[in-house]
1. What do you reckon, is Gln93 free of Cβ contacts under 8 Å to residues at least 40 places away in the same chain, more than 18 Å from Gln7 (Cβ to Cβ) and assigned to a helix (DSSP H, G or I)?
2. Considering (1) in the same structural domain as Ala8 (by TED's automatic domain parsing); (2) loosely packed, with under 14 Cβ neighbours inside 10 Å; (3) of a type outside the set (Phe, Trp, Tyr); (4) within 19 Å of the chain's Cα centre (by Cα), say which one Arg39 fails and leave the rest.
3. Identify all residues within region 34-57 that are part of a loop (DSSP other than H, G, I, E, B) and touching a helix residue (DSSP H, G or I) at 6+ places or on another chain (Cβ under 8 Å); write none if there are none.
4. With the checklist (1) touching a residue at least 40 places away in the same chain (Cβ under 8 Å); (2) assigned to a helix (DSSP H, G or I) in hand, flag the one item Glu85 doesn't pass.
5. Does Trp79 satisfy the condition of being of a type outside the set (Ser, Thr, Tyr), farther than 11 Å from Ala25 by Cα and within 17 Å of the chain's Cα centre (by Cα)?
6. Do any residues in region 60-74 that are small (Gly, Ala, Ser) have Cβ atoms under 6 Å from those of residues that are crowded, with 16+ Cβ neighbours inside 10 Å and in a strand (DSSP E or B), where the two are at least six apart or on different chains, and which pairs are they?
7. Only one of these conditions is not met by Leu46: (1) closer than 16 Å to Arg3 by Cβ; (2) modelled with pLDDT under 95. Which number is it?
Amino acid sequence: MRRDVFQAISDPTRRAIITLIATQAMTPNAIAENFNSTRQAVSKHLRILTECELVKQEQQGREIYYSLEIEKMKAIDKWLNQFREIWETRFNQLDNVLSTIKKQKK
């Protein structure tokens, strides 16, 4: 089953994992140390993030390191940006209405 990237980021633990590995690659054990869950639960989250191509694995000796897949995150940001623009426009319009009302009361 192919998972959707938005399904992957809907889970708070997976978002926290993304935040953790955003600045440096980490092993599953190092990631698991930051959560009150089992190593197996963290591995399941990592598998989902990997399936959605949000994180990538790199073998270094006997360890596997997980790091953020920046290009996939950029695609999410691009999709979200359309909504950011809509809300900025709406807030600006609301700001104008409030300014007009404030001027009329003086």
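The values are calculated or read from the model by the stated rules, or taken from the named source; none is laboratory data. Please read all numbers here as calculations on a predicted model, not as lab measurements. With ideal geometry, Cβ positions are generated from the backbone for all residues, glycine too; neighbour counts draw on all protein chains shown.
1. On the way: free of Cβ contacts under 8 Å to residues at least 40 places away in the same chain: yes; more than 18 Å from Gln7 (Cβ to Cβ): yes; assigned to a helix (DSSP H, G or I): yes.
Answer is yes for this residue.
2. Of the numbered conditions (1) in the same structural domain as Ala8 (by TED's automatic domain parsing); (2) loosely packed, with under 14 Cβ neighbours inside 10 Å; (3) of a type outside the set (Phe, Trp, Tyr); (4) within 19 Å of the chain's Cα centre (by Cα), the odd one out for Arg39 is (4).
3. Of all residues in region 34-57, those part of a loop (DSSP other than H, G, I, E, B) come to 34-38, 52-54.
Those that are part of a loop (DSSP other than H, G, I, E, B) and touching a helix residue (DSSP H, G or I) at 6+ places or on another chain (Cβ under 8 Å): Asn34, Phe35, Ser37, Thr38, Cys52, Glu53, Leu54.
4. It is condition (1) that Glu85 fails.
5. Numbers: of a type outside the set (Ser, Thr, Tyr): yes; farther than 11 Å from Ala25 by Cα: yes; within 17 Å of the chain's Cα centre (by Cα): yes.
Answer is yes for this residue.
6. Cβ pairs passing all conditions: Ser67/Lys56.
7. (2)
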